[in-house]
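> The structure that follows is given in the form of structure tokens.
Please treat every number below as a calculation from the coordinates, not as lab data. Since we're looking at a predicted model, the values are computed, not measured. When we count neighbours, we look across all protein chains shown, and the Cβ atoms used for this are built from the backbone with ideal geometry, even at glycine.
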2 protein chains.
Amino acid sequence: MSTQPLLIVGSIAFDDLDMPSGQYRDVLGGAATYSALAASLVARSVRVVGIVGDDFPEQHLADLRARGVDTAGVERAKGRTFRWHGRYSADLASRQSIDTQLNVFADFSPKIPPAYASSPFVLLGNIHPRLQVDVLEQASKPTLVAADTMNFWIEREPAALAAMLERIDLLVINDEEARQLSGVHNLVRAAADIRRRGPKMLIVKRGEFGALLFDDAGTFFVPAYPLEDVLDPTGAGDSFAGGLLGYLAARGEVTPATMRQALFFAAAMGSFCVEGIGPARLQAIGRPELAARIASFARLVDRGGELVLPG
Amino acid sequence: MSTQPLLIVGSIAFDDLDMPSGQYRDVLGGAATYSALAASLVARSVRVVGIVGDDFPEQHLADLRARGVDTAGVERAKGRTFRWHGRYSADLASRQSIDTQLNVFADFSPKIPPAYASSPFVLLGNIHPRLQVDVLEQASKPTLVAADTMNFWIEREPAALAAMLERIDLLVINDEEARQLSGVHNLVRAAADIRRRGPKMLIVKRGEFGALLFDDAGTFFVPAYPLEDVLDPTGAGDSFAGGLLGYLAARGEVTPATMRQALFFAAAMGSFCVEGIGPARLQAIGRPELAARIASFARLVDRGGELVLPG
């Protein structure tokens, strides 16, 4: 198989970030932004559907295009762009939302350009599950549909979420969301419950503790890449998903092996993301830095031989 | 190289365990017990030095001997055996000590039988760091000395702890202890700091999130084996250390590769330990169950091919 197009649908935003290292304003953000930046380091054809306001600099879209991202699906609406203001704890382990202004994102109704409709790989960022289904209504038989969601939809829109889960192949959520969605604390049991609801594959992200894949081939684990300097976790999960889908689209096929290899590219993108404020580090690196981190990552899990019980 | 003897020094105890699943009294416990049970599943020659009171049933020692553990170094003293009473939270993520009675363990001064003095592999369980050094004074040039410690000694005995660290090859502690010992939150930096204090190798345990090895070959990560049923975390860290040293002793040599492979045996022992109340599951399994879990563990991290950046 050869490289295939990837469609990413999700938010594009400005973030105000109160970090231990300082305060950062009007930082480029949003799930689609982080996912597209990560995916474009691996995949040749990345398409974005999102919405921005008339305050959004054209240069941000030009920067994405310069990395090979097709931004024809980014709608420009009257009004202000989605804004989020977050404050992180000193150890970056927790954060609170100071302010969320949906602005033009409040009326986002994703319109998939005809040229995007046959995208074989689709990443549905965290938006209303009804909108995620709307996107799939406009798509024609993708090879792989992956989706994110969050506690807000799990609590408020269980029916719409259930309908979405029946239509996707892969759900990518964090451990607390997996527990909340399933009502089960143990992650192995929670995964089995969630996979019975629709997605044949589930990835449970655990931040600095790595991620687990549950599929028909069994369970697979990828660690987080250990870092000396973590500056900002914003967008790490979206970068993870973008790296994952970007690798799969670049390989052009979904097998137990490509899924497992994709998780390393996902985790590598998460590791780059947290090394800069907002998307700064992801924007700064290229394929050489990615190849070097993947090689270093491989050494992190290279056990130097088979596992045999000594006689 | 071929299998070598392993000397384990540490506590032998009775534990009263208040678990979500019920209350368990007079459960066989102690670091040396868990470590010896785990090590004896891998290594042929395991020697234990510890102390018990006159209330300790000879049958417990006979059971250890039946598994090939040499208990000639277990001293029987007048008085009661070390007792600990712990209560776990509903999700088993935290616990509190209800009562600790050191009893005969309060005056424990490890005496290494002459036949043990040349043991090439030594595991120093969590006792006063001065006693850990005393053990090394009685040993003749071991191949590998590994030690555990805890927050109590880090806070109360920094000088004795520093002297101990200078004399060991491998420190095995958990993430909170690594942060407390180094005064550094980031684990990569904390590890570099601790390795400058003596041990060339450091293992940082993170419970259900796996463990990290830091040595001259770099950093290595082993996940925790994902389990559907976790009953009791008591002794998991000691089982981990026992599996680690047991594997190394069985292989008879310490190289970057045997260290990395040993971590899977360590994590496998931790996973068995938590599946039963106290040491019940470790006592129940044999080499076939261990071989099966190691094979399953290998599948958990088998990515089915090399990691190459798609062109």
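> In the calculated pair distance distribution of region B:14-71, what percentage of Cα-Cα distances lie above 20 Å?
30 percent
> While we're looking at this one, here's another question. Any idea what the dipole of region A:195-311 comes to, in debye rounded to 20, about its Cα centre with Lys/Arg Cβ at +1 and Asp/Glu Cβ at -1?
So the magnitude is around 440 debye.
> Can you put A:TYR116, B:TYR88, A:TYR247 in order, fewest other beta carbons within 10 Å first?
Final ranking by Cβ density, sparse to dense: B:TYR88, A:TYR116, A:TYR247.
> Determine the relative contact order of chain A: mean sequence separation of Cα pairs under 8 Å and six or more apart, normalised by residue count, in whole percent.
18 percent
> Rounded to the nearest 20 debye, what is the charge dipole size of region B:1-148 about its Cα centre when +1 sits on each Lys and Arg Cβ and -1 on each Asp and Glu Cβ?
With only Lys, Arg, Asp and Glu charged at Cβ, the dipole is about 360 debye.
> Report the label-to-label distance for A:SER94 and B:LEU102 in nanometres (one decimal), using points 7 Å from each Cα along the Cα→Cβ vector.
Inter-label distance under the simple model: 3.6 nm.
> At 7 Å along Cα-to-Cβ for each site, give me the label-to-label distance between B:ALA72 and A:ARG87 in nm.
Between B:ALA72 and A:ARG87, the simple spin-label model gives 6.6 nm.
> Right, something else. Of B:LEU92, B:ALA72, B:VAL49, which is farthest on the positive side of the dipole of region B:45-174, counting Cα position, with +1 on Lys and Arg Cβ, -1 on Asp and Glu Cβ, and the Cα centre as origin?
B:ALA72
> Turning to a different aspect of this structure: Between beta-carbons, use under 9 Å as the cut-off and find the net charge around A:TYR24, counting Lys and Arg +1, Asp and Glu -1.
Once all neighbours under 9 Å are counted, the net charge is -4.
> Measuring from the lowest to the highest alpha carbon on each principal axis, how far does chain B reach, largest first, in angstroms?
That gives 72, 42, 40 Å along the principal axes, largest extent first.
> In debye, nearest 20, what is the charge dipole magnitude of the protein assembly as shown about its Cα centre with +1 on Lys and Arg Cβ and -1 on Asp and Glu Cβ, if you could check?
1080 debye
> Could you check the spin-label model distance between B:GLU58 and B:ALA159? Points 7 Å from the Cα along Cα→Cβ, value in nm.
Label at B:GLU58, label at B:ALA159, 4.5 nm between them.
> Give me the distance between the Cα centres of region A:119-174 and region A:72-112, rounded to whole Å.
Computed from Cα coordinates, the inter-centre distance equals 19 Å.
> Right, another one. Excluding A:ARG130 itself, what net charge comes from residues whose Cβ is under 11 Å from its Cβ, given Lys and Arg +1 and Asp and Glu -1?
-3
> When we measure straight from the Cα of A:LYS200, which lysines land under 29 angstrom away, once same-chain ones fewer than 8 places off are left out?
A:LYS111, A:LYS141
> Oh, and also: Let me have the relative contact order for region A:109-177, percent, based on Cα pairs under 8 Å that are six or more residues apart.
Answer for region A:109-177 is 34 percent.
> Counting DSSP beta bridges with both partners in the protein assembly as shown, what percentage is antiparallel, nearest 5?
Expressed as a percentage, antiparallel bridges in the protein assembly as shown total about 40.
> Please say if region A:76-125 is rounded, prolate or oblate, where rounded means a/c under 1.5 for a ≥ b ≥ c the square roots of the C-alpha gyration tensor eigenvalues, and otherwise the choice is prolate for a/b larger than b/c and oblate otherwise?
Oblate is the answer for region A:76-125, as a/c is 1.5 or above yet b/c matches or exceeds a/b.
> Counting alpha carbon pairs within less than 8 Å and at least 6 residues apart, what relative contact order, in whole percent, applies to region B:11-110?
Relative CO of region B:11-110 lands at 31 percent.
> Also, quick follow-up: Quote the FRET efficiency, to the nearest 0.05, computed for A:ASP18 versus A:SER118 with a Förster distance R0 of 60 Å and r equal to the Cβ-Cβ distance.
Approximately 0.90, to the nearest 0.05.
> At a 10 angstrom cut-off on C-beta neighbours, averaged per residue, how do the peptides A:122-134, A:29-41, A:264-276, A:185-197 rank from highest to lowest?
Output ranking for A:122-134, A:29-41, A:264-276, A:185-197: A:29-41, A:264-276, A:122-134, A:185-197.
> Which cross-chain or sequence-distant (5 or more) residues have an amide H under 5 Å from the amide H of B:ARG47, H modelled 1.01 Å from N in plane?
B:LEU6, B:LEU7, B:ILE8, B:ASP70
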